[in-house]
1. Take the alpha carbon atoms of the stretch 21-95, find their center, do the same for the stretch 185-226, and report the distance between the two centers in whole angstrom.
2. Take the Cα atoms of the stretch 177-247, build their convex hull, and give its volume per residue in Å³.
3. Among LYS32/LYS66; LYS2/LYS22; LYS2/LYS91; LYS233/LYS258; LYS66/LYS258, which pairs are too far apart, with a Cα-Cα distance over 21 Å?
4. By what distance, in whole Å, do the Cα atoms of the chain stretch along each of the three principal axes, largest value first?
5. Above 18 Å lies some portion of the pair distances; for the stretch 91-157, what is it as a whole percent of all C-alpha pairs?
6. Compute the acute angle (0 to 90°) between the alpha-carbon long axis of helix 224-235 and the principal axis of greatest extent of the alpha-carbon atoms of the chain; round to the nearest 10°.
7. Please sort by residue number the GluC sites (Glu not before Pro) in the stretch 93-172 whose DSSP state is loop and whose Cβ has at most 15 other Cβ atoms within 10 Å.
8. For every other residue with a beta carbon closer than 14 angstrom to the beta carbon of LYS236, add +1 if it is Lys or Arg and -1 if Asp or Glu, then tell me the sum.
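Just so it is clear, none of the values below were taken in a lab; they were calculated from the coordinates. Computed from a prediction, not measured in an experiment: that's the story for all the values here. Glycine gets a Cβ as well: all are built from the backbone with ideal geometry, and neighbour counts include every protein chain shown.
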Amino acid sequence: MKKILITGADGMLAHDFIQSQKNKFQIIWFDKSVLDITVLHNIDTIVQNVKPDIILNCAAYLNAEKAEKEEKKRNFDVNALWVFNLATIAKKYQKDFITLSTDYVFDGQKRNGYNETDIQNPLNNYGLAKYLGEKLATEIYSNTLIIRTSWLYGGGKNYDNFVNTIVWLLNNEKEIKIVNNQFWSPTYTMDLSMAIWEIISNIEFLRWKIFHLSNDISNNGISWFDFADRICKIKKKWAQLVPCSSEEYESGDISRPKFSKLNNNSSFLLRNWEEGLKEYLKRLE
């Protein structure tokens with residue numbers, strides 16, 4: 001049984017991975033309250049003691065707006081330096097290293113979705129830090145496997161994600177303002193966890209690769225507005241959804257990719273996005 005060391009265990013992806021895979025792997029996990037992996041010595045000591053087969057980095061700084069200003073350093077510490085340190089230790093002890101990245105490494109100009117080999121061109125500090133994390137990790141340790149994903153939701157009621165927010169608003173507000181000019185591919189963390197399990201199970205054949213893993217969606221992806229509308233219809237709860245542009249909704253201090261659907265060209269396919277959404281909404285009941 002493979003031993004997996006997971007960082008960022010307080011996040012929704014790590015939560016769902018641990019819950020769904022705990023009988024398939026020996027999992028040792030750490031959250032930010034226990035392990036500050038921006039400090040190289042801390043990681044070295046943990047890996048030396050735990051002796052994992054694989055390091056799975058689920059830790060991330062996610063507040064793209066604050067990353068532009070007051071938490072810029074924290075963003076780069078976690079999304080770039082953190083990943084570099086993990087890759088450095090993985091190389092030292094010759095462990096497989098998997099890290100999560102994002103659709104925000106792209107500029108959103110490509111309407112029909114981004115392939116794994118497309119050129120990155122991030123528009124904001126969050127995307128830049130994730131890009132640097134990818135670049136630094138792969139340069140220091142070629143045996144780094146990158147999983148790019150998009151707009152995660154999952155974990156359950158206690159997590160901060162778009163689906164949970166819309167469900168709460170449907171129960172408490174009559175009118176909801178939603179962005180309708182950004183298009184992406186949503187990802188249910190339980191489905192992503194199953195794909196990661198498949199990758200880990202076959203990792204000896206997959207080292208050094210980049211994967212795009214999101215729930216299957218056609219066309220150019222889906223907007224925040226249409227995703228919220230689908231939640232309303234599945235829940236059979238109604239509020240007045242008011243479409244607005246990202247320029248109207250945002251403070252104007254951050255640029256986000258307009259089209260950031262991820263094309264999955266691997267054999268590790270996630271199911272249709274609506275099936276994942278229905279399952280998660282049932283899970284919240």
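1. Cα centres, the stretch 21-95 to the stretch 185-226: 20 Å.
2. Working: hull volume 8.1 nm³, N = 71.
Here the figure is 114 Å³ per residue.
3. Working: LYS32/LYS66 19 Å; LYS2/LYS22 11 Å; LYS2/LYS91 18 Å; LYS233/LYS258 25 Å; LYS66/LYS258 19 Å.
Pairs exceeding the cut-off: LYS233/LYS258.
4. In descending order, the Cα extents are 55, 39, 36 Å.
5. On the way: 958 of 2211 pairs.
Tail fraction, whole percent: 43.
6. 80
7. Numbers: sites: GLU116, GLU134, GLU139; in loops: GLU116.
Filter output for the stretch 93-172: GLU116.
8. Details: positive: ARG230, LYS233, LYS235, LYS237, LYS278, LYS282; negative: ASP229, GLU285.
Residues close to LYS236 contribute a combined charge of +4.
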